[in-house]
Amino acid sequence: MTTSTPTGRPPVSLDDPAQLLAALPYLLGFRPGASVVLLGHCPPGGKRIGLVMRADLPPGAERARQARALAPRFTVAEHIGVTLAIIGGERRPGAPPPHAGFITELADAFAEHGIPVLHALWAADIATGAPWACYSGEDCHGELPDPRSTVVAAAATESGTVVFGSREEMLAQLAPRSPEAVARRSGELSRLSEPPWPEATRVADAAAEVRAAFDRQRRGEGPPTDAEAVRLACALTITEIRDVCLTMAVPPRGPAAREAERLWLTLVRELPAPERAEAAALLGYTAFMRGDGAFAGMALDNALDAAPDHLLAGLLTRVLDHGTPPEFLLGLAVAAGSEGVTGFGLEPAEQPPF
């Protein structure tokens, strides 16, 4: 299991090992455990962070294969080196940090692509006082500071970024609120052969349905009814509606984008497969544009679980896996249309981050 995060996160010092390790939850969006985290260094000088990727620690027999799979992902964008961080395990007195063999496999794999490993670090956990060490240099070790005290933590708090205690906590956001309600809606949708509006007014009627959903969200009315959920699922299948929804992702982190992301998340939890793939793909794109690659990847996996052939989700997944910066996909929203939020008749309103 891997998690990719493109550039777009708050700046972090790559020179202070303890501060860098403590900042990992804010770079990923969750506190990693039993993981390898790979951080790309970008020019000039390698002081700027690029692609951030997290993967599960492999069993010994899978180390070489895992290393060969991870290294090529840093070749798409320009990286002049990488920092490797192993999270988890206990260090025996007088012994090197655990998983040293995996670090060697990774260094060999990156060398094949001409990318040097600039730092290799280990921490038992990402928590105040947890021991950390370098894989080279006996004097390079210590205890981690409070992760909440880092510069990255301050920037994340100011921007309203939520950091989860684990990857599983972040993933739980996408779970169905009520499996029974989802099952009922699946039955109703299966009986529909086309959207429930006359063809002559279909786009306008579907836009009105989405507008009404935003109005209910602003009033805090809670989850949609079965009838509302079914109509919203149908609305998102209409190309013109989907295009306007894409435009709402920009500007990233703006009030309209936050409001849209909250609605797409609600619909992921309220709709059945395959219909929920539309909302999940929109959620993935919106999260990606604000730089949250971890959550974007989870949303896109959700979309492809619901509809394995979903074109937008498949495209975005490939882009995310290659470490493409969010700004390179700005054109997707621009090309989708110029109506933006006004396409649903909405006035941007400041909303608290979810």
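Here residue 273 passes the criteria (1) small (Gly, Ala, Ser); (2) within 17 Å of residue 185 (Cβ to Cβ); (3) in contact with a Lys or Arg (Cβ under 9 Å, 6 or more places away or on another chain) except the one numbered (3). For residue 84, the stated conditions hold: it is within 16 Å of residue 17 (Cβ to Cβ), in a strand (DSSP E or B) and either of a type outside the set (Val, Ile, Thr) or more than 20 Å from the chain's Cα centre (by Cα) (or both). Listed by position, the helices (runs of 4 or more DSSP H) enclosed by the stretch 193-256 that each have at least 2 residues that are in the same structural domain as residue 282 (by TED's automatic domain parsing) and at pLDDT 95 or above are 202-218, 226-236. Right, residue 89: of a type outside the set (A, V, I, L, M, F, W, C), assigned to a loop (DSSP other than H, G, I, E, B) and on the phi > 0 side of the Ramachandran plot or not? Yes, satisfied.
Tell me, please, whether a residue that is β-branched (Val, Ile, Thr), more than 13 Å from the chain's Cα centre (by Cα), at pLDDT below 95 and in a helix (DSSP H, G or I) can be found in the stretch 332-341. The answer is yes, given that some residue of the stretch 332-341 is β-branched (Val, Ile, Thr), more than 13 Å from the chain's Cα centre (by Cα), at pLDDT below 95 and in a helix (DSSP H, G or I). Residues of the stretch 99-147 being of a type in the set (Val, Ile, Thr), in contact (Cβ under 8 Å) with a residue 24 or more places away in the chain and either closer than 12 Å to residue 18 by Cα or surrounded by fewer than 18 Cβ atoms within 10 Å (Cβ to Cβ) (or both), which ones? Across the stretch 99-147, the qualifying residue is only 126.
Go through (1) at pLDDT below 95; (2) surrounded by fewer than 24 Cβ atoms within 10 Å (Cβ to Cβ) one by one and return the number of the condition residue 288 breaks. Unmet condition: (2). Taking the conditions (1) surrounded by fewer than 22 Cβ atoms within 10 Å (Cβ to Cβ); (2) touching a strand residue (DSSP E or B) at 6+ places or on another chain (Cβ under 8 Å) in turn, residue 76 satisfies each one other than (2).
No other residue among 105, 62, 78 is modelled with pLDDT of 95 or more and assigned by TED's automatic domain parsing to the domain that holds residue 32 apart from 105.
The rows are residues; the columns are (1) under 28 Å from residue 31 (Cβ atoms); (2) over 17 Å from the mean Cα position of the chain (by Cα).
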| residue | (1), (2) |
| --- | --- |
| 243 | no, yes |
| 246 | no, no |
| 256 | no, yes |
| 267 | yes, yes |
| 272 | no, yes |
| 277 | no, no |
| 283 | yes, no |
| 287 | yes, no |
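Scoring residue 77 on the criteria (1) part of a loop (DSSP other than H, G, I, E, B); (2) farther than 22 Å from residue 27 by Cα leaves a single failure, condition (2).
Taken over the stretch 39-54, the residue count meeting the criterion of being under 16 Å from residue 123 (Cβ atoms) and surrounded by fewer than 23 Cβ atoms within 10 Å (Cβ to Cβ) is 0.
The values are calculated or read from the model by the stated rules, or taken from the named source; none is laboratory data. If you're wondering where the values come from, they're calculated on a predicted model, not measured in any experiment. Heads up, the Cβs are rebuilt from the backbone with ideal geometry, glycines too, and the neighbour counts pull from every protein chain shown.
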